[in-house]
1. Nearest 0.05, what FRET efficiency do Lys327 and Asn371 give at R0 = 25 Å with Cβ-Cβ as r?
2. Would you mind giving the average projected area, over all directions, of the Cα convex hull of the stretch 121-201 in nm² with one decimal?
3. Report the gain in length on full extension from Asp63 to Glu199: 0.36 nm times residue separation, minus Cα-Cα distance, nm rounded to one decimal.
4. What FRET efficiency comes out for Ser339 versus Asn274 if R0 is 35 angstrom and r is the Cβ-Cβ distance? Round to the nearest 0.05.
5. Note the full-extension length gain between Met159 and Thr81 as 0.36 nm times their separation in residues minus their Cα-Cα distance, in nm to one decimal.
6. With a sphere of radius 14 Å drawn around the Cβ of Glu282, what net charge do the other residues whose Cβ falls strictly inside it have (Lys, Arg +1; Asp, Glu -1)?
7. Could you provide, to the nearest whole Å², the per residue accessible area of the stretch 246-342 with probe 1.4 Å?
8. Could you calculate the FRET efficiency of Leu93 with Thr177 from 1/(1 + (r/R0)^6), where r is the beta carbon distance between them and R0 is 30 Å, rounded to 0.05?
Amino acid sequence: NGRCLRADGGGEGGGPRRKHLPLSSERNEVDPTTGAVRRTRMNRQASIATSEVLDTLPSYQADLLAQKFIEIYKDPVAMVTYLSSPEFAQDILKLAGKAKTIFEAEQRCLFLESPIYVFGDTHGNLEDLHFFSDNIWKLGINLSAGRFLFLGDYVDRGMSSLEVVTYLMALKILYPTKIYMLRGNHETRDVNGWEEHYEERSFIRQCKDRFGEDMGELVWEELNQVFDRLPLSAVIDRDIFCIHGGIPRPIPDSPPNANRIEMLQRISPVSGINPPYEHEDEPYRQMASECIWSDPAGEDQEESGELGADGFGESPRGGGTVCFGNKALDDFLAQHQLSYVIRAHEAHAYGVSLSKRARCFTVFSTSKDHNQGSKAICGYVTTRALPS
């Protein structure tokens, strides 16, 4: 079996659209037992093959509130009054309650199958998210081939943090087996509540500016309770490890070659991380923190001998964060019989970059708010298995 990893970037643009003549089609269905013929009308511009495929798609339970959010974000400008209203705040609280149940029931490391579109940081950039929806799942998530995996950092920096995170949550509620959301370092209170640093671009400030001090803090806390329940990692086709930051170190004093993915599964399904809840075990809290914070080591760190014997070292980010070098990545991939890591967490003007002998993909899915220049693009990675 082979593996295809395709990295793409997107941006604004367009051209003339072809016009299609509307067709009104019918088909004849024959009952195999009686021979009776029944004529049925297919949807406009549909074919027999399309109709049959649609019949085989999994059915999803309708959720009127989640559907309301999807419709709103098709044209948010027309809904600007609602988006700053107490009604919107109350709807977010209800939506968060539904999302918490779904995320808490998921494993901390998901096991998914190709084809999958993988997206990095979106950081409150509704414009680029609209670009993806207009070009990748134009017909709707449920009618698009494959699944969709987001690697975290939905809030802060961009000014549409509330719209981005609630749009993705609404999709998750409607199509829980089509879209998956991992946790990033900005899905912690220590970061998205850091108003002094991010000022008006901080998530907590956006909530308070939108709904007032008391209701804004309530919305911020309720959405953080959703973030507390987000999975930390995913494995695609038992071959590609996906995470927001990077590979974590083993739990201290664990046996040699202890399976770190199994360790991840033992992390509490409700974890504050930074700051933690009282019930969180410190070794597992540290492991979760490394999942959302760590980076690949730079070439200068590899060459200077700054990394330890295990291939890990102190990250230039500071604050106790770690970075992983070639040896750490070699050991992790070999131990778990994996080939690649796809992660997010670092801005790149071209949307996608490669490191660690082309075994580590970094994907970044917002083109704004990260000093990458006016020509920066938003990227994604597509995974699919090649025929044997």
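1. Computed FRET efficiency for Lys327 and Asn371 comes out at 0.20.
2. 5.1
3. Contour length minus the Cα-Cα distance gives 45.5 nm.
4. After rounding to 0.05, the efficiency reads 0.70.
5. Between Met159 and Thr81, full extension yields an extra 26.5 nm.
6. Combined, the nearby Lys, Arg, Asp and Glu give -2.
7. Per-residue value: 48 Å².
8. In this case the efficiency is close to 0.75.
The values are calculated or read from the model by the stated rules, or taken from the named source; none is laboratory data. If you're wondering where the values come from, they're calculated on a predicted model, not measured in any experiment. Quick reminder, even Gly has a Cβ in these numbers, built from the backbone with ideal geometry, and neighbours come from all protein chains shown. Surface areas here come from the heavy atoms of the whole protein model, side chains and all, with no ligands, DNA or RNA. Shrake-Rupley method; radii C 1.70, N 1.55, O 1.52, S 1.80 Å.
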